[in-house]
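Please treat every number below as a calculation from the coordinates, not as lab data. Computed from a predicted structure; not experimentally measured. Cβ placement follows ideal geometry from the backbone for every residue including glycine, while neighbour counts extend to all protein chains displayed.
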Amino acid sequence: MSTIIGAIAGDVIGSVFEWNNIKTTKFSLFTEETTFTDDTILTIAVADSILNNKDFESTIKHYANKYSDYGYGASFRKWFESEKPEPYNSWGNGSAMRVSPVGFAFNSLDETLTKAKESAIITHNHPEGIKGAQAVAAAIYHARNGKSKEFIRNYISQSFGYNLKRSIDEIRPSYKYDVSCQGSVPEAIISFIDSTGFEDAIRLAISIGGDSDTIACIAGGIASSFYKTIPDSILVKLYKLLPLEFINIIDKFDRNFN
């Protein structure tokens, strides 16, 4: 079973579309410009925190400073460059895009929700920022434990108040760039729900436009948990684009939490 590589695949494939939105599922998964972004870096940071029992704040700050030129938002950059960083009440989707390791790592829903909140509040202490992280982690937790898409849809809707009754085809025509959790997490979850497989989930997520790499990152984490596998054609190209440090953490995380 694949774990966090699904979220990373979504980020990498979506990287070229964030500022060049498309409204179709027909596109090349990899181009010469394809790369990883801050979504991958911070996912790796959270995974490292969990694997090695490090605190979220110092580990995320370390990775962001080490890989500092990868598309971070201005508020987050100010946070990780600060000697004494403080949460800045963010409701942005950064809390949701980095949380996938939490969804794979813990053995109870309560612990998953608690750790998702802990990973969020160091920066995203706004209720919507916390909610976005918890919703994604919970979706992954339920998916890896064999729950159906309908169960996941109902649980997330009832627990977090997101409208998941829409379809991607309904969302796509009018969807615009939105970096809030409340304006992108539901759409990412719907991309997974509407999908027929891992690759389809990524294509659907990117096809609505908006913050493409992050929406695909979130959808990819849930999809890899549910479908349990990622096509080799994606993995081979993906691993060529990642630093060895990241690959080692991904592989260790898979061994520990598969």
query = If a residue has to be surrounded by fewer than 24 Cβ atoms within 10 Å (Cβ to Cβ), in contact (Cβ under 8 Å) with a residue 24 or more places away in the chain, of a type in the set (V, I, T) and not in a loop (DSSP other than H, G, I, E, B) to count, how many in segment 90-127 make the cut?
reply = 2
note = The lone condition V236 fails out of (1) among the hydrophobic types (A, V, I, L, M, F, W, C); (2) surrounded by 15 or more Cβ atoms within 10 Å (Cβ to Cβ); (3) out of contact with any Gly (no Cβ under 7 Å at 6 or more places or on another chain) is (2)
task = Test each condition in (1) more than 16 Å from the chain's Cα centre (by Cα); (2) part of a loop (DSSP other than H, G, I, E, B); (3) under 30 Å from S174 (Cα atoms); (4) not charged (D, E, K, R) for P87 and report the one that comes out false.
result = (3)
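Every residue, every condition in (1) assigned to a loop (DSSP other than H, G, I, E, B); (2) in contact with a Gly (Cβ under 9 Å, 6 or more places away or on another chain), yes or no:
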position: N21; (1), (2): yes, yes
position: E32; (1), (2): yes, no
position: N53; (1), (2): yes, no
position: K61; (1), (2): no, no
query = In segment 189-223, which residue that is among the hydroxyl-bearing types (S, T, Y) and part of a helix (DSSP H, G or I) is surrounded by the fewest Cβ atoms within 10 Å (Cβ to Cβ)?
reply = S207
query = Restricting the search to segment 71-84, which residues are assigned to a helix (DSSP H, G or I) and more than 17 Å from the chain's Cα centre (by Cα)?
reply = A74, S75, R77, K78, W79, F80, E81
key: Single unsatisfied condition, V179 versus (1) crowded, with 24+ Cβ neighbours inside 10 Å; (2) in contact with a strand residue (DSSP E or B) (Cβ under 7 Å, 6 or more places away or on another chain); (3) over 17 Å from I60 (Cβ atoms)   = (1)
ask   = Taking segment 154-182, which residues are farther than 14 Å from E18 by Cβ, assigned to a loop (DSSP other than H, G, I, E, B) and in contact (Cβ under 8 Å) with a residue 40 or more places away in the chain?
value = C181, Q182
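This table checks each residue for (1) under 14 Å from the mean Cα position of the chain (by Cα); (2) farther than 18 Å from G129 by Cα.
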residue	(1), (2)
V179	yes, no
G183	no, no
I189	yes, no
D194	no, yes
A201	yes, yes
S207	no, yes
S212	yes, yes
C217	yes, no
S224	yes, yes
task = Would you confirm whether any residue within segment 236-256 is touching a Ser or Thr at 6+ places or on another chain (Cβ under 9 Å) and acidic (D, E)?
result = yes
remark   = Restricting attention to segment 143-154, the residues that are over 19 Å from the mean Cα position of the chain (by Cα) and surrounded by 15 or more Cβ atoms within 10 Å (Cβ to Cβ) number exactly 1
